[in-house]
Structure formats: C-alpha cells, structure tokens
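Chemist: Got a structure for you, questions after.
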Amino acid sequence: YNRAKTALEIARDSQIDNPEDAEYLIAISDDNWLTTKYIQVNNTLGNAMAWQTYANWGSGNGETLTGLKQETEYKMKIKARQGDFTETNWSSETSATTSSLDLTFSIDKFWVDLGTLVPNQVSSASHLLTVITNGESGYVTTIQEDGNLRLGDGLGDIDDATDGSVSRGEEYGVRTSGAAEGQMNSADTAVTSNVQTIASITGPVNPSVVTVTYKAVVDTLTTAGKYSHIVTYITTTTF
C-alpha cells in the first residue's frame, strides 16, 4: 500500500496471513482517545477487552454496533494476537460519524368518512400511515379509541367486530394492508380503549406505508344518526 491502511483493511488483510485461531481486539473512542472503550461480543461498548476471531467479528459482513451517540465521530483501531505470547501493536485509526436520530410519522388524512350506512351492506374507507426512521430497532405504532363508534347523544353505538370479519349484522372494525408491517393484515379487528399495536417492524424503514381500512355494517334495528369517535395513533422507536 502507498497509503496508511484503515483498520478494516488491516483486519481483512491480516486474516489472509494470520492463522484461523488469531483473535482481534477493537478499541473505540468518541473523544480522541481521552477515554477508550472496546467493542464487546454482543456489539455494545464496554471497558473489558473482548478478543474474537475474524469469523466471530462477522468476517467480511462486519457487525452492527448499538448504544452509540448520535452525530458523533468515533475513532477505531485494532490489534491481533495468537495464543498467549504473540500480540501486534495497534493499527492505524479509522473513523466514522454517526447520523442524527430520525423519526417521521404522518397520516394522509385526519378523518375517515364511511358515508351513509345501508343495512347489511359493508361500508369502508381508508387512510395511510407513513413512518420513516433510522432507528435500529424499527418502530411501533399503536391505536386506541375514546369509546365505541357512537351517536353523539349517547343513544346507541355500533358493536365491535368479534369474529375477524365485518360482514353482517351490526359490526365495526379495522384491517391493515399494503405492507408486512401491518399487524392486523389477516382479520378485521375491533378498535378498543386498550392500546393495541397496529403496525411495527424491527429494523430501519424508509418509508413504511401501512393502509388502515375502517369497516362498518348495520342492520335494520340500528338507530339512525351520525356516529363518530376519536382514534389516536402513537408511533415510537428505539435507537
């Protein structure tokens, strides 16, 4: 090389020359080595020296670190050893800067109108939930109502769906579609006053778009009037 090799290049190249039982230690610092941490076997940062083979460090695929600070430059260097008495000096440094934390949640419209309900005919209407996040653990969106779909004067409400399908009689519920992140893709589900997960994923997304479809059906005994309720969505993520 006609330049200083990075720590990753040294790790890769040393594996070509070193025996398979060689182990590597990775040091990391966010303050230009005023303090030094070491990458642990569970990919967090700690004070203990953690030696692993090239294969256990993820080989050419590397590893994903957790517990890092946002918008922070980290410097890294490595050393190798074999057995109890052979150990290299520290390599040259490499560095990288973490990105800022990001979570965006949007709803394409803040109301859903099911129109005029006709006995024994299912009415439906949808809106979109969009999430963008670089959170390593993805996101969770929950849904919760302030009470059943009901008449404003308290004279009656529409029953929650209980059999997985809004199809006949008097029923009301929601179903998700459009993305695997939807957690109600397989059945029409009652919206309740308890918090329920309606969409989630365990990795970064850019974007995740889930369709939420509201469905209702009434029968000939359902009291006529304007039915409504308030539904609240909350999206959280773990970085």
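The values are calculated or read from the model by the stated rules, or taken from the named source; none is laboratory data. Predicted, not measured: the structure shown is a model, and the values here were computed from it. With ideal geometry, Cβ positions are generated from the backbone for all residues, glycine too; neighbour counts draw on all protein chains shown. With ligands, DNA and RNA removed, areas are computed over all heavy atoms of the protein, side chains included. Shrake-Rupley method; radii C 1.70, N 1.55, O 1.52, S 1.80 Å.
Chemist: Step by step: first the residues of region 109-138, then only those that are assigned to a strand (DSSP E or B) and under 26 Å from the mean Cα position of the chain (by Cα), then the one that is nearest to residue 233 (Cα to Cα). Which residue is that?
Modeler: My answer is 129.
Chemist: How many of the residues making up region 211-237 are open to solvent by 60 Å² or more (accessible area, probe 1.4 Å) and either of a type outside the set (A, V, I, L, M, F, W, C) or closer than 17 Å to residue 139 by Cα (or both)?
Modeler: Going through region 211-237 one residue at a time, the tally reaches 7.
Chemist: Same structure again: Would you point out the residue of region 175-195, among those that are among the hydrophobic types (A, V, I, L, M, F, W, C) and under 22 Å from the mean Cα position of the chain (by Cα), that is nearest to residue 143 (Cα to Cα)?
Modeler: Per the criteria, the residue is 195.
Chemist: Tell me the residue from 151, 128 that is surrounded by 13 or more Cβ atoms within 10 Å (Cβ to Cβ) and either at pLDDT 95 or above or touching a helix residue (DSSP H, G or I) at 6+ places or on another chain (Cβ under 8 Å) (or both), please.
Modeler: From the options 151, 128, the qualifying one is 128.
Chemist: Looking at region 26-66, which of the residues that are in contact (Cβ under 8 Å) with a residue 12 or more places away in the chain and acidic (Asp, Glu) is nearest to residue 134 (Cα to Cα)?
Modeler: 63
Chemist: Only one of (1) open to solvent by 60 Å² or more (accessible area, probe 1.4 Å); (2) out of contact with any Pro (no Cβ under 7 Å at 6 or more places or on another chain); (3) more than 19 Å from residue 222 (Cβ to Cβ) fails for residue 136. Which number is that?
Modeler: Answer for residue 136: the failing condition is (2).
Chemist: Okay, moving on. Quickly run through region 37-85 and pick out the residues that are modelled with pLDDT of 95 or more and small (Gly, Ala, Ser).
Modeler: 46, 48, 50
Chemist: Can you confirm whether residue 141 is open to solvent by less than 20 Å² (accessible area, probe 1.4 Å), of a type in the set (Ser, Thr, Tyr), closer than 26 Å to residue 205 by Cβ and part of a strand (DSSP E or B)?
Modeler: yes
Chemist: Taking interchain pairs and intrachain pairs at least six residues apart, which have beta carbon atoms under 7 angstrom, with the first residue in region 151-164 and outside any loop (DSSP other than H, G, I, E, B) and the second surrounded by 15 or more Cβ atoms within 10 Å (Cβ to Cβ) and of a type in the set (Ser, Thr, Tyr)?
Modeler: If the second residue must be surrounded by 15 or more Cβ atoms within 10 Å (Cβ to Cβ) and of a type in the set (Ser, Thr, Tyr), the pairs left are 151/227; 160/172.
Chemist: Oh, and also: Tally time: how many residues in region 76-104 are among the polar types (S, T, N, Q) and either open to solvent by less than 60 Å² (accessible area, probe 1.4 Å) or farther than 25 Å from residue 66 by Cα (or both)?
Modeler: 9
Chemist: Can you name the residue in region 196-210 that is hydroxyl-bearing (Ser, Thr, Tyr) and buried (at least 17 other Cβ atoms within 10 Å of the Cβ) and is also farthest from residue 142 (Cα to Cα) among such residues?
Modeler: Across region 196-210, the extreme among qualifying residues is 208.
Chemist: How many residues, within region 111-138, are more than 30 Å from residue 204 (Cβ to Cβ) and not hydroxyl-bearing (Ser, Thr, Tyr)?
Modeler: Result for region 111-138: 11.
Chemist: In addition: Is there a residue being more than 26 Å from residue 235 (Cα to Cα), open to solvent by 20 Å² or more (accessible area, probe 1.4 Å), free of Cβ contacts under 8 Å to residues at least 24 places away in the same chain and not polar (S, T, N, Q) anywhere in region 171-180?
Modeler: Within region 171-180, not a single residue is more than 26 Å from residue 235 (Cα to Cα), open to solvent by 20 Å² or more (accessible area, probe 1.4 Å), free of Cβ contacts under 8 Å to residues at least 24 places away in the same chain and not polar (S, T, N, Q).
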